[in-house]
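Step one of this worksheet: look at the structure below.
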Amino acid sequence: MLAQQARGRVHANRVNAINRNAVRLLTDTGRWNEGAGAIDVAVTDNQFDNTAIDEIPGIPWAVITAYGGGKNGLVEGAVNADLLIARNTVRRAQQGCITVANSLRATIQDNTCVDTNLRTPRSPSIQVDRSSQVVVKRNRRQGDSTGGVTARESQ
């Protein structure tokens, strides 16, 4: 599922056994040259099982990924804003659970990550990168491969 403009909602979906990540909130000025950024977008009450991995370099991929892409990976500033990622369940994912990059004012709460990072065990399951005003609270993780939370170049 791809959201790359204002006022969207990804709600109450069940996705199983796909060969990439499940949700992308983005703008891309590099490889794909598309989108205007995800603004006021909610990803809520979804279930994602048995997802594979994205391998485009320079992007901190997860099952749910918000980012701004440039020619060599992430752009410097915020292109997404006012995101809510809540009450989602991710199980048996080859990559991380949730990544929010290049975003302003995002809330990541009450999500459940079970057996994520199967390809790179104990890597961060929730990542915040080049973002500000991001709140991460009441998320749960289970399984030996599921890592914690990291923030890089973020507030």
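The values are calculated or read from the model by the stated rules, or taken from the named source; none is laboratory data. Given the structure is predicted, the values throughout are model-derived calculations rather than measurements. We place every Cβ from the backbone using ideal geometry, glycine too, and count neighbours over all the protein chains shown. Protein only, heavy atoms only, side chains kept; ligands, DNA and RNA dropped before computing areas. Shrake-Rupley method; radii C 1.70, N 1.55, O 1.52, S 1.80 Å.
Enter the accessible area of LEU84 (Å², nearest 10), with the probe set to 1.4 Å and all protein chains included.
60 Å²
Residues of segment 1-112: accessible area per residue at 1.4 Å, in Å²?
Numbers: 4760 Å² over 112 residues.
For segment 1-112, the per-residue accessible area is 42 Å².
Quote to one decimal, in nm, the extra length available between THR120 and ARG7 on full extension: 0.36 nm per residue of separation minus the C-alpha distance between them.
Fully extending the segment from THR120 to ARG7 adds 37.3 nm.
Please report the spacing between the Cα centers of segment 1-51 and segment 93-118 in Å, no decimals.
12 Å
How big is the shadow of the Cα convex hull of the chain, averaged over all directions, in nm²? Mind showing how you got there, number by number?
On the way: hull surface 29.3 nm².
Over every viewing direction, the Cα hull of the chain projects on average to 7.3 nm².
Using a 1.4 angstrom probe on the protein heavy atoms only, could you order THR29, THR99 from most to least accessible area?
Numbers: THR29 85, THR99 0 Å².
Order by accessible area, largest first: THR29, THR99.
Starting with the highest mean, order 34-45, 86-97 by the number of other Cβ atoms within 10 Å, averaged over the residues of each peptide. Before the final figure, lay out the partial values.
On the way: 34-45: 19.3, 86-97: 22.5.
Per-residue Cβ counts within 10 Å, averaged per peptide and sorted highest first, yield 86-97, 34-45.
Lys and Arg at +1, Asp and Glu at -1: add these up for the other residues within a Cβ distance under 12 Å of ASP40 and post the number.
Details: positive: ARG7, ARG9, ARG105; negative: ASP82.
It works out to a net charge of +2.
Using a 1.4 Å probe on the protein chains only, how many percent of the accessible area of the chain belongs to carbon and sulfur? Walk me through the numbers on the way to the answer.
On the way: 3240 of 7340 Å².
Of the solvent-accessible surface of the chain, carbon and sulfur hold 44 percent.
How big is the accessible area of ILE56 in square angstrom, nearest 10, if you roll a 1.4 angstrom probe over the protein chains?
Near enough 40 Å² of accessible area.
For VAL149 paired with ILE18, estimate the spin-label separation in nm (one decimal), with each label point 7 Å from Cα along the Cα-to-Cβ line.
Result for the modelled spin labels: 2.5 nm.
Which ³J(HN,Hα) values, rounded to whole Hz and listed in residue order, are derived for segment 83-92 from phi using the Karplus coefficients 6.51, -1.76 and 1.60 in 6.51 cos²θ - 1.76 cosθ + 1.60 with θ = phi - 60°, glycine and proline given as x?
Rounded to whole hertz, the list is 9, 10, 10, 9, 6, 9, 10, 10, 10, 6.
Work through the residues other than ALA6 whose Cβ is under 10 Å from its Cβ and net out their charges, Lys, Arg +1 and Asp, Glu -1.
Charge balance near ALA6 sits at -1.
Show me the trypsin sites (Lys or Arg not before Pro) within segment 1-32 that DSSP assigns to loop and that have at most 15 other Cβ atoms within 10 Å of their Cβ. Mind dumping the intermediate values first?
Details: sites: ARG7, ARG9, ARG14, ARG20, ARG24, ARG31; in loops: ARG20, ARG31.
Passing sites in segment 1-32 are ARG20, ARG31.
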